[in-house]
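The values are calculated or read from the model by the stated rules, or taken from the named source; none is laboratory data. Note that the coordinates shown come from a computational prediction; the quantities given were computed from them, not determined experimentally. Backbone-built Cβ (ideal geometry, glycine too); neighbour counts: all protein chains shown. SASA here: full protein model, heavy atoms, side chains in, ligands and nucleic acids out. Shrake-Rupley method; radii C 1.70, N 1.55, O 1.52, S 1.80 Å.
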Amino acid sequence: MILAALIVALFASIFAGTKWSDASTTPGLALDLEGGTQIILTPIASEGQVTDETIQQAINVIRQRVDSSGVTEAEITSQGKNIVVGLPGTPSDETLDLVRKSAQMRFRPVLTYGAPTPVASETPAEEPTEPTAPVTPTSPSDLAQITPEIQAQFDALDCTDPKNLTGGTGDDADAPLVTCADDGTVKYILGPVEIEGTEISNASSGLGTTAQGVSTGQWVVNIEFNAEGTKAFRDTTTRLVALPAPQNAFAMVLDGLVISAPTANVAIQDGKAEISGNFTRESAALLANQLNFGSLPLTFEVQSEQQISATLGSEQLEKGLIAGAIGLLLVVIYSLFQYRALGLVTVASLGIAAVLTFGVILLLSWTIGYRLSLPGVAGIIVAIGITADSFIVYFERIRDELRDGRTLNSAVEKGWDRARRTILASDAVNFLAAVVLYFLAVGGVRGFAFTLGLTTLIDLIVVFMFTHPVMQLLARTKFFANGHPASGLDPRRLGASARYAGRGRVARQGAEGTQDAPVSDTSSDEPFGSPTREKVGASVGTATAGEGTRQTIAERRAAARRAAESGSTTTDSSTEGDKNEENL
């Protein structure tokens, strides 16, 4: 019932999304399956040469722009000195502009900052007024630049919205700027530009040192300016150190977003500054690379912009779906051949898993813009085997218990206890492998890892919430409980051993139900698989009154032990017989 409610809620939300939002009943497809737009950019440096490092930094800037705009599964790579950007589907003009624009590094003074979320106004809305006349600041740090319009823009800005973290927006060097930190944790009002990134001659990261040259053990970033930048930075830091917080800080703005906003503690006279803080080795190296990118700004020349088809991807998808259908058919045939009617549980479980997977992908496509790629389809196909493997482990555990002489109800519960641990361990390893692959891989391999991890979680949901409850219900039906030959759970076909039924008799299960037979019946296998029987005398004791059979002490003890394990109980008369024999 819980699983059914989950599926109904999943598809009901998607259906509602198609009516009142932009949800769809088909999943979004990636570039290799749907096609899209391909743009080839050639970076051009105003000074010096274009290096591999600057190209990589440019790719990082473009990727942040594209990802923040809501486009997923974009392919951004370098080919020689060119940057190739592939956007799936039909991207908007705004998204294309984000790709074409070049990035700029600039230094601005901080006027104020605040929490990233919008600020609710506590005063009633006033009638619109004429725009405030432009303010002529006495310095770049003059707070008079925060006009009512600028303050209203700052209050309304939501830096938790990915759309406000795309960068590449208008950046007037002579006007204040309202913007966000690149990670969306803070929003700022910044003064006019004081230093351009082109005035940075070098930036590097390393461990900080004291005046005596002793390492502090903390990672820092070192900046060195050229002659013009040295003069501008000296004037800026001289002014900032005399101001209170937060006006004593300057922001490093890359592509319209603040990447760092350190405080000026002293006036820097020689143009060599050290930025310290809670840096790690990676974060310090990243900031240094960003500053170096600002020292060699790139403009992008669009070499070509064209629509690309998904012909190759469609052909591969068709072949992949055929391979998946063949694999699924083979799994069904094997299940029905090996497990007979029980194989229908496998088929139903695979069907439930397919429905859940399709629904979750639709939901992700709607809510986070997920797009299904060809490697992602491969991950779903591989999951067929992983899901079927869980059912096989469970069914084989049940059959093992039936071979030991248990009833089907007991075999289902005992088999589940044993299979559950194996299934959890197996799926945990698969999920861990998918997580590691997702974070270490790039490109389409991440799509494979994502769907592999997703279908592994769905496998656990199906096994725990569908397969096991269905087996509990089937164990109560005569067809399966009596071990019909077509059920796949016939104890005789499985080579089940006899089960002690008390009063000197054993029970054998078959298609006709449970049958009793004297323990001296030697037409079947040795009870409980015991290869020998311990004899005491020629014949010791007698069976229960009315039974013309003999039974040894070892047989009675083994039978009683087996009966206790399987839930059967011995009668008082048989117990009394054991006591009599032990007293001989």
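Computed on protein heavy atoms with a 1.4 Å probe, the accessible areas place Ile268, Ile368 in the order Ile368, Ile268, largest first.
Accessible surface for Ile392 stands near 50 Å², nearest 10, in the context of the full protein assembly shown (1.4 Å probe). Look at the alpha carbon pairs under 8 Å that are at least 6 residues apart: their mean separation over the length of region 139-281 gives a relative contact order of 23 percent. Across region 205-259, the volume of the C-alpha convex hull divided among the residues equals 144 Å³ per residue. For the Cα trace of region 165-219, dividing Rg by the Kirkwood Rh returns an Rg/Rh value of 1.13.
Scattering from region 314-437 was approximated by placing one identical point on each alpha carbon and applying the Debye formula without solvent; log10 I(q)/I(0) at 0.21 1/Å stands at -1.30. For region 352-422, the extents of the C-alpha atoms along the principal axes are 53, 20, 18 Å, listed from largest to smallest.
The alpha carbon convex hull volume per residue for region 323-372 rounds to 55 Å³. Here region 144-216 is assigned +1 on the Cβ of each Lys and Arg and -1 on the Cβ of each Asp and Glu. Its dipole about the Cα centre then comes out at about 300 debye. Here the relative contact order of region 199-323, from alpha carbon pairs under 8 Å that lie six or more residues apart, stands at 30 percent. Counting only lysines at least 8 places from Lys272 when in the same chain, those with an alpha carbon closer than 19 Å to its own are Lys231.
Using C-alpha pairs below 8 Å separated by at least 6 residues, the relative contact order for region 387-441 is 33 percent.
Taking only alpha carbon atoms, region 142-253 gives an Rg to Rh ratio of 1.01, where Rh is the Kirkwood radius. For region 212-302, the Kirkwood hydrodynamic radius from C-alpha pairs, put into Stokes-Einstein at 37 °C and a viscosity of 0.692 mPa s, yields a diffusion coefficient of 226 µm² per second.
Using the Kirkwood radius over Cα pairs, work out the Stokes-Einstein diffusion coefficient for region 55-101 at 25 °C and 0.890 mPa s, in µm²/s as a whole number. Kindly include the intermediate steps, with their values, before the conclusion.
On the way: Rh = 10.8 Å.
Estimated via Stokes-Einstein, D reaches 228 µm²/s.
Report the net charge of residues surrounding Ile150, where surrounding means a beta-carbon distance below 13 angstrom and charges are Lys +1, Arg +1, Asp -1, Glu -1. With Lys, Arg at +1 and Asp, Glu at -1, the net is -3.
Within a straight-line Cα-Cα reach of under 21 Å, Lys478 can be paired with the following lysines, leaving aside sequence neighbours fewer than 8 residues apart in one chain: Lys414.
For Tyr113, the accessible area of its heavy atoms, probed at 1.4 Å with every protein chain present, is near 130 square angstrom.
Its Cα gyration tensor gives region 214-372 an equivalent ellipsoid, and the semi-axes of that ellipsoid, as √(5λ) in whole Å with the largest first, are 61, 22, 15. Here the extension length gained between Glu228 and Leu440 equals 72.1 nm, from 0.36 nm per residue of separation less the Cα-Cα distance.
Remark on region 412-498: hydrodynamic radius 15.5 angstrom, per the Kirkwood mean of 1/r across alpha carbon pairs. Each residue, Arg63 and Ser426, gets one label point 7 Å from its Cα in the Cβ direction; the gap between the two is 3.6 nm.
Taking the Cα centre of region 207-310 as origin and charging only Cβ (+1 Lys, Arg; -1 Asp, Glu), how large is the dipole, in debye to the nearest 20?
It works out to roughly 380 debye.
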